[in-house]
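Engineer: The structure's right below; bear with me while I get my questions together.
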Amino acid sequence: MATTKRTAGRGPGCGGGGHGRGHRHRGGEGGGEGACLSTLAVRGERPLSAEARAAVLVALDDEHRAEAYYAAVLERFPGALPFARIVEAERRHAAALAAILTAHGVPVPANAHLGSEGMRAMVPASISCAAEVAVGAEIENVALYEDELLPKVADHPEIAAVFTVLMEASRDRHLPAFRRWGTRRDEPRASA
């Protein structure tokens with residue numbers, strides 16, 4: 001996670017940052033994507049503008065950061081909800097963005113954040129605090145898509161449709177799930 005984005009000034013304490021600048025599940029807590037990502041066809045029929053290419057890469061990096069943070073939470077708290085479900089959604093989101101890049105002949109970067117010490121260091125001492133971090137991250141993710149990324153792909157409706165599904169998943173599924181868990185203060189804290 002870039003310190004200029006969701007993680008600035010946030011460490012392992014409660015109320016800290018998230019997994020990137022923006023950031024999103026099948027059933028249960030945080031589940032379901034609304035419009036299914038697999039039904040949104042991105043064929044690469046039209047050349048990808050430099051601005052749209054950059055927007056997809058920013059979105060992918062944000063989804064990678066989300067996946068990496070949620071995976072780090074699960075390393076510390078195995079099976080923790082809603083992280084266990086939402087991490088899978090983040091993987092699907094990244095795959096949808098990777099499909100856009102592949103359709104346009106753009107190399108897909110690997111998730112450089114996954115398993116990093118930086119991500120592990122961001123995980124707070126409790127699941128509720130980790131959920132609070134995720135709340136902030138999901139709010140920033142919605143703003144990232146609305147304010148920065150969607151305007152850059154206005155000439156690419158098929159990409160805008162994917163971005164909209166990802167944004168709605170953050171706003172309508174992930175954020176409510178993390179808000180519910182962020183209010184719980186009675187679970188055990190991890191050993192430091």
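The values are calculated or read from the model by the stated rules, or taken from the named source; none is laboratory data. On a predicted model such as this, the values are computed, not experimentally measured, just so you know. In this analysis, Cβ positions are derived from the backbone assuming ideal geometry, glycine residues included, and neighbour counts consider all displayed protein chains.
Engineer: Among the numbered conditions (1) among the β-branched types (Val, Ile, Thr); (2) crowded, with 21+ Cβ neighbours inside 10 Å; (3) over 17 Å from the mean Cα position of the chain (by Cα), tell me where residue 86 comes up short.
Structural biologist: Looking at each condition in turn, residue 86 falls short on (3).
Engineer: To continue, here is another question. Mind counting the residues in segment 127-156 that are small (Gly, Ala, Ser) and buried (at least 22 other Cβ atoms within 10 Å of the Cβ)?
Structural biologist: Matching residues across segment 127-156 total 4.
Engineer: Confirm whether residue 113 is touching a helix residue (DSSP H, G or I) at 6+ places or on another chain (Cβ under 7 Å), farther than 20 Å from residue 46 by Cβ, modelled with pLDDT of 95 or more and not in a helix (DSSP H, G or I).
Structural biologist: Criteria met by residue 113.
Let's see how each residue does on (1) more than 21 Å from residue 149 (Cβ to Cβ); (2) of a type outside the set (Lys, Arg); (3) within 13 Å of the chain's Cα centre (by Cα); (4) at pLDDT below 95:
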| residue | (1), (2), (3), (4) |
| --- | --- |
| 12 | yes, yes, no, yes |
| 26 | yes, no, no, yes |
| 35 | no, yes, no, yes |
| 40 | no, yes, no, yes |
| 52 | no, yes, no, no |
| 91 | no, no, yes, no |
| 99 | no, yes, no, no |
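Engineer: Next question, about the same structure. Output yes when any residue across segment 140-148 is touching a Ser or Thr at 6+ places or on another chain (Cβ under 7 Å), under 20 Å from residue 181 (Cα atoms) and part of a helix (DSSP H, G or I), and no when none is.
Structural biologist: Going through segment 140-148, the residues touching a Ser or Thr at 6+ places or on another chain (Cβ under 7 Å) turn out to be 141-142.
Still in the running and under 20 Å from residue 181 (Cα atoms): 141-142.
Narrowing further to those that are part of a helix (DSSP H, G or I): 141-142.
The answer is yes; a qualifying residue exists.
Engineer: Hey, residue 159 hits all of (1) in a helix (DSSP H, G or I); (2) surrounded by fewer than 22 Cβ atoms within 10 Å (Cβ to Cβ); (3) modelled with pLDDT of 95 or more but one; which does it fall short on?
Structural biologist: (2)
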